[in-house]
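K.L.:
Quick one: the structure is below, and I'll ask about it shortly.
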Amino acid sequence: MRTSPGRVRSWFRHASTVPSMKLRWLRHLAVCFFVFLLFFEMSKLAFLVLYAGSLTGTDCMQTLWHGLSLDLSVCAYLTMVPTLLTLGELWTKQRHRWAVAATCFYAISSLIVVTLTVVNIALYGYWHFPLDTTPFFYFFSSPTDAMASAPLWQGALGLGTIIVLSPALFFLLKRYATLPSLASPKRIMSSLVLLLTGGVLFLLGRGGITVSTMNTGHAYFSDRIVLNHAAVNPLLSLGESLARENDFASQYRFFSDKDATRLFNELNQHAPVKTEAEQGDTILYIDRPDVLFVVLESFSAHLLPSLGGSPIATQLDSIAQSGLLFTDIYANSFRTDRGLVSILSALPAQPTNSLMKYPRKTQNLPSIATALQGAGYTASYYYGGDANFTNMRSYLTNAGFQRIVSDKDFALSERLSKWGAPDGTVFNRLLADIKKETKQGQHHLRVLQTSSSHEPFDVPNFSRFQHPAQNAFAYTDSCLGQFLRNLSRTEAWRRTLVVIVPDHQGCWPDTLDNLSPERYRIPLVLTGGALRLRGRNTTTGNQTDIIATVLGAMHLPSEAFPFSKNLLDPAAPHYAFFSHPDAMGLVRGGSCAVYDNATHKPHLLRGRDAERNLPYAKAFLQKLYDAIAER
């Protein structure tokens, strides 16, 4: 049978149009993918310019290369949506409806991608780690306080950047990745190709077919942590944080339950508890003093000359010289919400979670307030800012504080800073209340949390240093010194124990490595008329150890606080644990081991026993998450 020349030409025309139609809708998916990819690569370069300091071409190329797998993953997930929309158009032939859906997706995704990227870059100067759920938790608990750290011009610049870049990204997607018209009758074949494309995108997004899925650790390659953070895609970092938000029981599984328990018990081996008679004289003149905690925002050992720091917190340094100064104490974490739980509930901070955001968990935590209530104490809390910030009021109420004094309890004219009432005003309010309550014949636990030494470091009528952070520290320090001098002149002084401790790692000097133990070293000072013991104590410890130390001095039980150790008990195990997003460290016996879980490698091993202590650090973290999961 002969084939006519016309039929052959018709066959060739049809064969040539099918690939062109397939290429047309494959092309719009490819354009969508690469527009997002180009944006992520450009944002990485902007990040490097802002934060990397000295930078070489090799640094840029390696950052882009090692972060590429994360960017490809996010781009793949984003491109899966127009892939599904294309499949829908293929089978319904209602192009207008699917084109509108694609336009909406491009608009929403452009806004989200740009906003999260800009937020990540803007906040990195304050947080020093890639975007996770923490800033959103802060913002939604109290937007005003969450924005207080940043100057107005930075917020305006960030908003302006989002307003400019979001429409620009949307325009590129709408102009060059428009959903094409699919008039091809080859639905089944086209559907198979689209499903295959979706499968490839899914595998690319997941990171392959192995058990391990794509995660931020893939981007880590350098000993310069800022380059690793620049390589991390902020959308993937946020998604990873959301995925493990409530899943405590499965996080940080380094060992079997049996081995983790064994290592944890070895770390916490304790000599038999001594009786009160065997312990000898107490460090206090009276067994039931009023107890006052002063929690200093962002203070560190680097502010005190007696601890090898600069002469900035000179008042606290003088107080430490005349009181009991613990010289080797470490903060548990890097933010106030974590630090408060460490101090008041003796629960170590976690790398990936803030327990304060879980009222269901915090209502089951013990606290210094509930421990002292059984001995007849009332509990009050003083803070010049918004007590709803980071769920603080919920936590404090669950912790047993009957009275919470916050920004709303001060006159509008007294709220002179972005955070509310400055520290001097809050100290004056506390002093006035102490004077009123002195003769009531009741024991008091009081906690005052400062805020003036937090960004943006705006303090009223005080100018000692040109550097804003140093000046703010000096202001809070002067307020503390004046308050204690005034308190010492009252009748309440002789029966008051004062505990002075920072809430978290210091923000000055800002050149310190966030995973360095020096970053976490803080002063712990005991003073007050009720204190008998004075001098310097070199025991290594944590904020979590304060409760066992105070309760031990008062001959009260501390068994409800398994992570707290009496710093004055030589038979107790003494070490310090600290955490940073997806990393933790253990200081013990003069050695320090820091483990970075993002890279699954030690970040620092210092001292003869550092490597031997690394399993103990891992076991500690695993048992900590077990304890939280059981709450």
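K.L.:
Quick one: how many Å² of Leu203 are accessible to a 1.4 Å probe, rounded to 10?
P.N.:
So the heavy atoms of Leu203 present about 70 Å² to solvent.
K.L.:
Give or take rounding to whole Å, what are the principal axis extents of the alpha carbon atoms in region 59-121, in descending order?
P.N.:
49, 22, 12
K.L.:
With every protein chain in place, what's the accessible area of Leu55 (1.4 Å probe, Å², nearest 10)?
P.N.:
60
K.L.:
Calculate, for His96 and Trp65, the FRET efficiency according to 1/(1 + (r/R0)^6) with r their C-beta to C-beta distance and R0 41 Å; round to the nearest 0.05.
P.N.:
0.45
K.L.:
Another question, then. Which value, to two decimals, describes the C-alpha radius of gyration of region 486-631 once divided by 2.2 N^0.38 Å?
P.N.:
Rounded to two decimals, the normalised Rg is 1.19.
K.L.:
Using helices alone, I'd like the mean residue ellipticity at 222 nm for the chain: each DSSP H run of four-plus residues gives -39500 (n - 2.57), total over residue count, nearest 500.
P.N.:
Dividing the helical sum by the residues of the chain leaves -16000 deg cm²/dmol.
K.L.:
Anything over 29 Å Cα to Cα? Flag those among Lys357/Lys408; Lys408/Lys439; Lys44/Lys623; Lys361/Lys439; Lys361/Lys565; Lys258/Lys565, in the order listed.
P.N.:
Lys44/Lys623; Lys361/Lys439
K.L.:
Mean separation of Cα pairs under 8 Å and 6+ residues apart, divided by the residue count of the chain: what relative contact order is that in percent?
P.N.:
18
K.L.:
For Ile286, Ile404, Ile112, Ile434, write out the residues from largest to smallest accessible area, computed with a 1.4 angstrom probe and no ligands counted.
P.N.:
Ile112, Ile286, Ile404, Ile434
K.L.:
Give the peptides 379-391, 339-351 in descending order of average Cβ contacts within 10 Å, highest first.
P.N.:
Descending mean neighbour count gives 339-351, 379-391.
K.L.:
Return the Rg/Rh ratio of region 335-448 with Cα-based radii and a Kirkwood Rh.
P.N.:
Checking Rg against Rh, the ratio lands at 0.98.
K.L.:
If each of Arg631 and His600 carries a label point 7 Å out from its Cα toward its Cβ, how far apart are those two points in nm?
P.N.:
Label-label distance for Arg631 and His600, simple model: 2.9 nm.
K.L.:
Related question: Note the full-extension length gain between Arg262 and Val193 as 0.36 nm times their separation in residues minus their Cα-Cα distance, in nm to one decimal.
P.N.:
Stretched out fully, the Arg262 to Val193 stretch lengthens by 19.4 nm.
K.L.:
Just reorder Lys408, Lys439 by solvent-accessible area, largest first, 1.4 Å probe, all chains present.
P.N.:
Highest to lowest solvent-accessible surface, that is Lys439, Lys408.
K.L.:
For Arg485 and His555, what does the FRET efficiency come to when R0 = 30 Å and r is the distance between their Cβ atoms, rounded to the nearest 0.05?
P.N.:
After rounding, the FRET efficiency stands at 0.50.
K.L.:
Sticking with this structure for a sec: How much of Glu559 can a 1.4 Å solvent probe reach, expressed as accessible area in Å² and rounded to 10?
P.N.:
Around 150 Å² of this residue is reachable by solvent.
K.L.:
Let me know the Kirkwood hydrodynamic radius for region 449-556, please, with Cα pairs as the basis and the value in Å to one decimal.
P.N.:
16.1
K.L.:
With every protein chain kept in the model, how would you rank Met214, Met42, Met584 by accessible area, 1.4 Å probe, largest at the top?
P.N.:
Met42, Met214, Met584
K.L.:
Past the 33 angstrom mark, what percentage of all C-alpha to C-alpha distances in the chain do you count?
P.N.:
Value for the chain (Cα pairs over 33 Å): 52 percent.
K.L.:
For a quick check: with amide H placed at 1.01 Å from N, whose amide H comes under 5 Å from Arg536's, ignoring anything fewer than 5 positions away on the same chain?
P.N.:
Amide H neighbours of Arg536, under 5 Å, 5+ apart: Leu325.
The values are calculated or read from the model by the stated rules, or taken from the named source; none is laboratory data. Because the structure is a prediction, the values reported are computed rather than measured. Please note: Cβ atoms are built from the backbone with ideal geometry, for glycine as well, and neighbour counts cover all protein chains shown. For accessibility, only protein heavy atoms count, side chains too; no ligands or nucleic acids. Shrake-Rupley method; radii C 1.70, N 1.55, O 1.52, S 1.80 Å.
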